[in-house]
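Input: a single structure, listed below in structure tokens.
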Amino acid sequence: MEIIEKVSQMQRTSEALRASGYLIAFVPTMGFLHEGHIELMRTGKKHADKLVVSIFVNPTQFGPNEDFNQYPRDTEGDLDKSLSAGADIVLFPPVEEMYPEGFQTEVLVKELPDHLCGLSRPGHFDGVTTVVAKLFNIVKPHIAVFGRKDYQQLAVIRRMVKDLNMDLEIIDVGTVREADGLAMSSRNKYLNSEERKSALCLKKSMEMAEKMFKQGQRDARIIKKEMESLIRSHPFTDIDYISLCDPETLEEIHTSGTEVLVALAVRVGKTRLIDNCTLGQHDNSD
Ligand code: PAF
């Protein structure tokens, strides 16, 4: 496995791979890899000849009061895991390589960021689209793999790729969960044991929404209210949002139709957790 720090070296390597006829799959990450990332890598491997993984904690997607400096990092562990998952190249650029002096360009999707997480994390998705567009230009992949756990991120990136005619395919992968149902996330590491128990309320509340929907409940306000009281009955929780929305536009809905995205963000202690599921689909929790 090759480790590349320089943007120009990555571009030359990808160019050569493409010229030799290899299909390149790309998994962008911020490191502190877990089974969710490994699943993205496995999917990438299945669809291509060469797998490139990037590890870059992107400062521009963190707000001033967010956890950029504290974001968990484990370079050695990440390189071991990438190697075991079959990565051919790890792109590991320093911040100055991605944002050299004078950098002043942003890639913005206009409407999709104005919902869900975008409301409490202003500017977050602008940082994501900018860095992902840059990474696509650096890695030049044929396919890129993202998790459905970050549903809004996936929607925003798909929009950007479509709107800017980027010549690659986005593949999505279902949420990987711990045995008890907690969605895997690098931020789970922040939870103490009491908070870890409370964190299960996200999955439990989605299961309740699924049950209500199956039983014919279509009033989004009633479903949300029940989810809210279930979550509030767990200690250390503070709801950021619960949304029943259109899976394409992410617009809030009041009376649900055939397919509804349930998305939520809950602070458990100081840790902000997100999760989502789609109601009205066969395979609905992931
Ligand atoms: O999902 C993430 O880890 C990040 O948002 C991404 C896509 C790697 C961009 O920094």
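The values are calculated or read from the model by the stated rules, or taken from the named source; none is laboratory data. Only a predicted model underlies this, so the values are computations on that prediction, with no experimental measurement involved. We place every Cβ from the backbone using ideal geometry, glycine too, and count neighbours over all the protein chains shown. Quick note on the areas: whole protein, heavy atoms, side chains included, nothing else; ligands and nucleic acids left out. Shrake-Rupley method; radii C 1.70, N 1.55, O 1.52, S 1.80 Å.
Points worth noting:
- Cβ-based net charge around residue 31, under 13 Å, with every Lys or Arg adding one and every Asp or Glu removing one: 0
- Gained length - residue 8 relative to residue 47, 0.36 nm times residue gap less alpha-carbon distance: 11.5 nm
- Between the range 1-24 and the range 49-91, the Cα center-to-center distance that results, in Å: 18 Å
- Rg and Dmax of the range 177-222, Cα atoms only, in Å: 13.3, 38
- Using the Cβ-Cβ distance between residue 240 and residue 67 with R0 set to 22 Å, the FRET efficiency from 1/(1 + (r/R0)^6) comes to roughly 0.90.
- Set of aspartates and glutamates with alpha-carbon distance to residue 50 below 19 Å, sequence-local pairs under 8 removed: 2, 5, 15, 39, 78, 80, 88, 167, 169, 172
- Cα-based shape type of the range 142-223, given that a ≥ b ≥ c are square roots of the gyration tensor eigenvalues and the cut on a/c is 1.5: oblate
- Heavy atoms of residue 143: accessible area, 1.4 Å probe, square angstrom to 10: 10 Å²
- Normalised convex hull volume, the range 67-145, alpha-carbon set, Å³ per residue: 147 Å³
- Filter on 204/270; 6/45; 46/81; 224/270; 110/149; 140/270 - keep pairs with C-alpha separation over 29 Å: 140/270
- Helix axis angle, 75-84 relative to the chain longest principal axis, alpha carbon, degrees: 90 degrees
- Excluding ligands, DNA and RNA, the accessible surface per residue across the chain is 49 Å² with a 1.4 Å probe.
- Based on DSSP H segments of at least four residues, each scored -39500 (n - 2.57), the chain has a per-residue ellipticity at 222 nm of -11000 deg cm²/dmol.
- Gyration tensor (alpha-carbon) shape descriptor, the range 28-179, a/c threshold 1.5: rounded
- The radius of gyration of the Cα set in the range 220-277, together with its Dmax, comes out at 11.9, 36 angstrom.
- In terms of packing, defined here as the mean over residues of other Cβ atoms within 10 angstrom, the peptides 78-86, 194-202 line up highest first as 194-202, 78-86.
- Sequentially through the range 11-24, phi angles give Karplus couplings (6.51, -1.76, 1.60; θ = phi - 60°) of 4, 5, 5, 5, 4, 5, 4, 4, 5, 8, x, 6, 8, 10 Hz, Gly and Pro residues having no value and appearing as x.
- Each residue of the range 219-234 was assigned a 3J(HN,Hα) from its phi angle through the Karplus curve 6.51 cos²θ - 1.76 cosθ + 1.60 (θ = phi - 60°); the sequence is 8, 4, 5, 5, 4, 4, 4, 5, 4, 4, 6, 5, 5, 5, 6, 9 Hz, with glycine and proline shown as x.
- Dimensionless Rg over Rh [the chain; C-alpha; Kirkwood]: 0.97
- Surface composition of the chain: carbon and sulfur make up 48 percent of the accessible area, probe 1.4 Å.
- Accessible surface, 1.4 Å probe, highest first, among residues 151, 190: 190, 151
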